[in-house]
1. Go through the range 107-121 residue by residue and tally those that are surrounded by 18 or more Cβ atoms within 10 Å (Cβ to Cβ) and part of a loop (DSSP other than H, G, I, E, B).
2. Of the residues T55, T140, T124, which is assigned to a loop (DSSP other than H, G, I, E, B) and either at pLDDT 85 or above or of a type in the set (S, T, N, Q) (or both)?
3. Select, from K50, K104, K134, the only residue that is modelled with pLDDT under 90 and either assigned to a loop (DSSP other than H, G, I, E, B) or of a type in the set (A, V, I, L, M) (or both).
4. Any residue in the range 202-210 that is hydroxyl-bearing (S, T, Y) and surrounded by fewer than 16 Cβ atoms within 10 Å (Cβ to Cβ)?
5. List, please: which pairs have Cβ atoms under 9 Å, are six or more places apart or on different chains, and start with a residue in the range 146-172 that is under 10 Å from I63 (Cβ atoms) and end with one that is part of a strand (DSSP E or B) and hydroxyl-bearing (S, T, Y)?
6. Please pick out the residue among I137, I125, I144, I63 that is touching a helix residue (DSSP H, G or I) at 6+ places or on another chain (Cβ under 9 Å), in the same structural domain as L173 (by TED's automatic domain parsing) and under 26 Å from T198 (Cα atoms).
7. Taking into account only those residues within the range 71-126 that are in contact with a strand residue (DSSP E or B) (Cβ under 8 Å, 6 or more places away or on another chain) and of a type in the set (S, T, Y), which is nearest to A160 (Cα to Cα)?
8. Name the single residue that is farthest from V221 (Cα to Cα) among those in the range 143-165 being in contact with a Leu (Cβ under 8 Å, 6 or more places away or on another chain) and assigned to a loop (DSSP other than H, G, I, E, B).
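The values are calculated or read from the model by the stated rules, or taken from the named source; none is laboratory data. Not measured: the values here are computed from a predicted model. For neighbour counting, all protein chains shown are included, and Cβ atoms are generated from backbone atoms with ideal geometry for every residue, glycine included.
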Amino acid sequence: MLAFNLYVSYIYDTFISTLIYPVFTVVLAGAIASNSVLAITKNQADMPYKQAVKTCLELINYIEKSPFNESEDSCLVLLGGEKPFLVRKRAEVLERIGFRHFPKDINFISNNSKNYGYLDNPQTIDKPLVVKSKDRIRVTGWAILPDRQQQPTLVLLSLADKKSFFATAYVSLDSPDVAKALKSNQYSRVRWAVDLPTNYLPIAQTEIKAWVYNPVDNQFVKLRGGAKVTVEDKE
């Protein structure tokens, strides 16, 4: 039900704002009315995920067809609770008929004087983390958009020098330490975490990098830190 409400709410907002296809507005308005009570009571709790869904769809051209992004953990799954490949098909149709444009020219900024956050675990400054191909690793950190009222709801993870993302994480966890350090309650829920099966990673040494999307400047900005991981074949 949550996934359905998020999907309907997003499509409804988009269609209303453009006023291109009023017939869809009637159909979707009926669906929203039937679920309005639940939507109202859960609105605040669902808001970070609604924003994350919008970001995920906006960046669909940069979301790899990786095992993570095709799994139930993918942010694409929240778009109607459908399989990610069906979401991709729908996005293709929306773009083909001119209803939506999904950007393909976003800049990647690896170094920035402002602090957009950290990938702070696992810590691999001295040496890479060595794992087997059937293990799991927990990747955590925090992310912000400095000097912005609207804060990120999604962190994107890349491998090595790729300019695409094999996994994502929701920015929604409590972060009193960050709020205290930055002296702003605006940053009280900016932590993120994701559990990654290591068979999602190449059998080799690689580096996991975390990024945040800055829509105002049309940029992916790299968070500080990174996780160097060596995956070995399980014997």
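1. Final tally of qualifying residues: 1.
2. T124
3. Numbers: K50 fails: either assigned to a loop (DSSP other than H, G, I, E, B) or of a type in the set (A, V, I, L, M) (or both); K104 fails: modelled with pLDDT under 90.
So the residue among K50, K104, K134 that is modelled with pLDDT under 90 and either assigned to a loop (DSSP other than H, G, I, E, B) or of a type in the set (A, V, I, L, M) (or both) is K134.
4. Just the residues of the range 202-210 that are hydroxyl-bearing (S, T, Y), to begin with: 206.
Pick out the ones that are also surrounded by fewer than 16 Cβ atoms within 10 Å (Cβ to Cβ) and you get none.
Within the range 202-210, not a single residue is hydroxyl-bearing (S, T, Y) and surrounded by fewer than 16 Cβ atoms within 10 Å (Cβ to Cβ).
5. Listed by first residue and then by second, the contacts come to L156/T168; L156/Y213; S164/S158; F165/S158; F166/S158; A167/S158.
6. I137
7. S110
8. Q151
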